[in-house]
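For reference, the structure discussed in these notes is given below.
The values are calculated or read from the model by the stated rules, or taken from the named source; none is laboratory data. Just so it is clear, the structure is predicted and the values come from calculations on it, not from any experiment. So basically every Cβ, Gly included, is an ideal-geometry build from the backbone, and we count neighbours across all protein chains shown. Only protein heavy atoms, including side chains, enter the accessible area calculation; ligands, DNA and RNA are left aside. Shrake-Rupley method; radii C 1.70, N 1.55, O 1.52, S 1.80 Å.
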Amino acid sequence: MGLVTPELGTFIWMFIAFASVFFLLKKYAWPAIVDAIEERNNSIKEALLSAESAKEEMAKLQADNQKILKEARREREGMLKEAKELGDQIVREAKTKATEEAEKVVESARQAIESDKVAALSEIKAQVATLSVEIAEKVLRRQFEDDQQQKDYFQKLMKEVNIN
Amino acid sequence: MKHIHRLLLIAFFFTCLTPAFASVSDEHEHEIHQESHNKKKFEPGNFIMDHIADAYDWHVFSYGDFHFTAPLPVIVYSEHSGFHVFMSSNFHHGHSSYKGFELAKEGEYRGKVVEMVNGHHVRPFDISMTKNVVSMLISMIFLLWVFISVAKTYTKRKGQEPKGLQAYLEPIIVFVIDEIAKPAIGEKKYKKFVPFLLTIFFFIWLNNLMGLVPFIPGGANVTGNITITMVLALFTFIITTVNGNKNYWKHIFNTPGVPWWLKFPVPLMPLVELMGVFTKPFVLMVRLFANITAGHMIVLAFVSLIFIFGEMSPALGMGTSVISVFFVIFMDVLELLVALIQAYVFTLLSALYFGMAVEEHH
């Protein structure tokens with residue numbers, strides 16, 4: 001049976017051809033192909049992982065941003081409140097100061113009035129004394145003319161003084 | 001799943017390329033010629049054998065009496081007349097002898113080059129570039145060209161998506177690595193065997209497909225040739241044996257888990273195991289050869305039916321041809337599947353043997 005009998009010639013050709021093709025492919029084709037596929041698989045895997053981590057990072061950043069924004073808002077509110085308080089205080093202080101000042105002015109005015117009054121009174125007193133002296137002088141002058149008249153006059157003068 | 005889709009797509013692509021009709025018509029014409037020329041009765045056995053067996057020339061087409069064949073070099077060394085190199089066209093399709101050599105028509109050496117010595121046929125040492133050898137060399141060059149250029153593409157387009165031929169071959173390469181090498185050999189040691197597995201997978205698949213193409217550069221029955229499958233199996237055997245570790249040899253000569261009296265004084269188990277070392281590659285050789293040859297035989301048998309019935313009456317032959325052609329197309333499509341499956345099985349079993357050879361004790 002020729003069909004199942006190996007042929008030496010074909011064997012030799014096939015052995016040499018297969019061995020050399022195997023050797024050449026092993027040297028020049030397969031490592032490049034297999035390594036490239038593996039390398040690409042790895043790089044895809046890494047890229048997926050890094051994309052995942054980038055996504056997480058992004059979410060974290062976003063959360064951070066939100067937090068910062070919130071904090072900033074709170075800070076702004078605080079600052080506004082503080083400023084308002086400060087303003088109020090200044091206004092209040094100004095008011096107090098103004099009131100004090102006004103009071104001081106009024107006080108000094110009152111004191112001036114008082115002192116003027118005292119001065120006026122003392123002047124009046126002095127005037128009265130002078131008047132009294134003048135009256136007394138006039139009285140003394142009339143004494144010697146008529147006692148009765150003198151008395152009446154005196155009395156009249158006294159009345160006049162009393163009115164004052 | 002994705003790999004399988006791609007594979008099916010490629011198989012479909014080859015289906016389109018393989019004109020099943022051509023295989024029929026080609027053989028048809030050839031036979032009509034033989035019949036009219038020789039005026040001999042049609043012999044389906046010889047017809048089938050001639051188409052399956054190796055040849056010294058490569059038949060392209062025949063029309064009536066006109067044969068067109070590509071002559072191939074005959075290289076023989078004879079003890080009687082020395083070394084000879086000449087073209088097979090000198091035999092004139094087996095009708096004449098040349099330098100004392102001729103093609104045997106009958107007997108043990110039917111279809112082979114023999115030398116007439118003292119009225120006896122003597123087979124010389126024959127390293128002719130036969131149809132199978134040339135076809136095999138063409139596919140080897142094709143494989144080299146394809147994969148070296150694909151490798152170049154990989155180097156050029158590092159880290160980029162696959163493109164063109166590379167995109168078609170990558171799923172198959174990945175399939176061989178991920179579905180054959182890794183599960184059969186193991187994650188740790190598969191790398192070393194990947195080049196061999198890829199080489200035999202693509203060599204077997206390509207030649208299975210080429211065998212289905214009925215005209216040049218196909219038409220040769222390379223993977224249905226016992227010598228070719230023998231060399232492939234021999235490589236698997238050599239690689240398995242060379243890589244066999246301590247554990248592998250221990251399993252053969254001192255199989256664990258077997259009662260001692262099966263090993264001593266009569267080493268029954270070691271003998272059985274040692275036989276297994278040789279039967280494994282032997283089975284690989286026979287399986288590929290038998291599957292491919294059987295497929296071709298069935299196709300040719302359906303074609304023969306046309307001539308058998310045609311000899312009885314032309315009308316009967318015409319009627320039979322309709323049915324036969326239908327079955328031949330069916331078989332050719334089936335053979336496309338077998339071409340892939342046999343390449344897969346040969347590669348997978350080789351990988352399993354390598355896996356056994358490098359398996360660590362556990």
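Give me the residue from segment B:198-208 that is among the aliphatic types (A, V, I, L, M) and more than 9 Å from every other protein chain (Cβ to nearest Cβ) and, out of that set, least open to solvent (accessible area, probe 1.4 Å).
Only one residue fits best here, namely B:204.
What number goes with the only condition from (1) without any contact (Cβ under 8 Å) to a residue 60 or more places away in the chain; (2) more than 7 Å from every other protein chain (Cβ to nearest Cβ); (3) surrounded by 18 or more Cβ atoms within 10 Å (Cβ to Cβ) that residue B:164 does not pass?
Of (1) without any contact (Cβ under 8 Å) to a residue 60 or more places away in the chain; (2) more than 7 Å from every other protein chain (Cβ to nearest Cβ); (3) surrounded by 18 or more Cβ atoms within 10 Å (Cβ to Cβ), only one is false for residue B:164: (3).
Checking the conditions here, which among B:149, B:81, B:88 is within 19 Å of residue B:51 (Cβ to Cβ) and more than 7 Å from every other protein chain (Cβ to nearest Cβ)?
B:88
If the Cβ limit is 7 Å and pairs must be 6+ apart or interchain, which residue in segment B:217-230 that is closer than 15 Å to residue B:284 by Cα pairs with which residue that is assigned to a loop (DSSP other than H, G, I, E, B) and open to solvent by less than 20 Å² (accessible area, probe 1.4 Å)?
That search, which allows pairs on different chains as well, returns B:228/B:222; B:229/B:223.
Can you find a residue in segment A:44-51 that is farther than 30 Å from residue B:131 by Cα and of a type in the set (Ser, Thr, Tyr)?
yes
(1) open to solvent by 30 Å² or more (accessible area, probe 1.4 Å); (2) not in a helix (DSSP H, G or I): which one isn't true of residue B:214, the others all being true?
(1)
Condition first: out of contact with any Leu (no Cβ under 8 Å at 6 or more places or on another chain) and either facing another protein chain (nearest Cβ under 7 Å) or crowded, with 17+ Cβ neighbours inside 10 Å (or both). Now tell me which residues in segment B:134-146 satisfy that.
B:135, B:136, B:137, B:138, B:140 - these are the residues of segment B:134-146 that are out of contact with any Leu (no Cβ under 8 Å at 6 or more places or on another chain) and either facing another protein chain (nearest Cβ under 7 Å) or crowded, with 17+ Cβ neighbours inside 10 Å (or both).
Filtering segment B:243-292 down to residues that are over 21 Å from residue B:349 (Cβ atoms) and of a type in the set (D, E, K, R), which residue is most open to solvent (accessible area, probe 1.4 Å)?
The residue in question is B:246.
Tell me yes or no: at least one residue of segment B:209-231 is among the hydrophobic types (A, V, I, L, M, F, W, C), within 23 Å of residue B:243 (Cβ to Cβ) and within 11 Å of chain A (Cβ to nearest Cβ).
Yes, some residue in segment B:209-231 is among the hydrophobic types (A, V, I, L, M, F, W, C), within 23 Å of residue B:243 (Cβ to Cβ) and within 11 Å of chain A (Cβ to nearest Cβ).
Does segment A:11-23 contain at least one residue that is at the interface with another protein chain (Cβ under 7 Å from one of its Cβ atoms), in contact with a helix residue (DSSP H, G or I) (Cβ under 6 Å, 6 or more places away or on another chain) and open to solvent by 80 Å² or more (accessible area, probe 1.4 Å)?
Among the residues of segment A:11-23, not one is at the interface with another protein chain (Cβ under 7 Å from one of its Cβ atoms), in contact with a helix residue (DSSP H, G or I) (Cβ under 6 Å, 6 or more places away or on another chain) and open to solvent by 80 Å² or more (accessible area, probe 1.4 Å), which makes the answer no.
Restricting to segment B:218-242, count the residues that are open to solvent by 50 Å² or more (accessible area, probe 1.4 Å) and either touching a strand residue (DSSP E or B) at 6+ places or on another chain (Cβ under 9 Å) or among the basic types (Lys, Arg) (or both).
Selection size over segment B:218-242: 0.
Which of the residues that make up segment B:98-131 are open to solvent by 40 Å² or more (accessible area, probe 1.4 Å) and more than 12 Å from chain A (Cβ to nearest Cβ)?
B:98, B:99, B:102, B:105, B:116, B:118, B:119, B:120, B:121, B:122
Taking segment B:50-71 only, how many residues are within 12 Å of chain A (Cβ to nearest Cβ) and either within 19 Å of residue B:102 (Cα to Cα) or of a type in the set (S, T, N, Q) (or both)? Quick ask: steps written out before the conclusion?
Let us first name the residues in segment B:50-71 that are within 12 Å of chain A (Cβ to nearest Cβ), namely B:50-56.
Subsequent filtering for residues that are either within 19 Å of residue B:102 (Cα to Cα) or of a type in the set (S, T, N, Q) (or both) retains B:50, B:53-56.
Qualifying residue count, segment B:50-71: 5.
In segment A:24-35, how many are assigned to a helix (DSSP H, G or I) and either open to solvent by less than 30 Å² (accessible area, probe 1.4 Å) or more than 7 Å from chain B (Cβ to nearest Cβ) (or both)?
7
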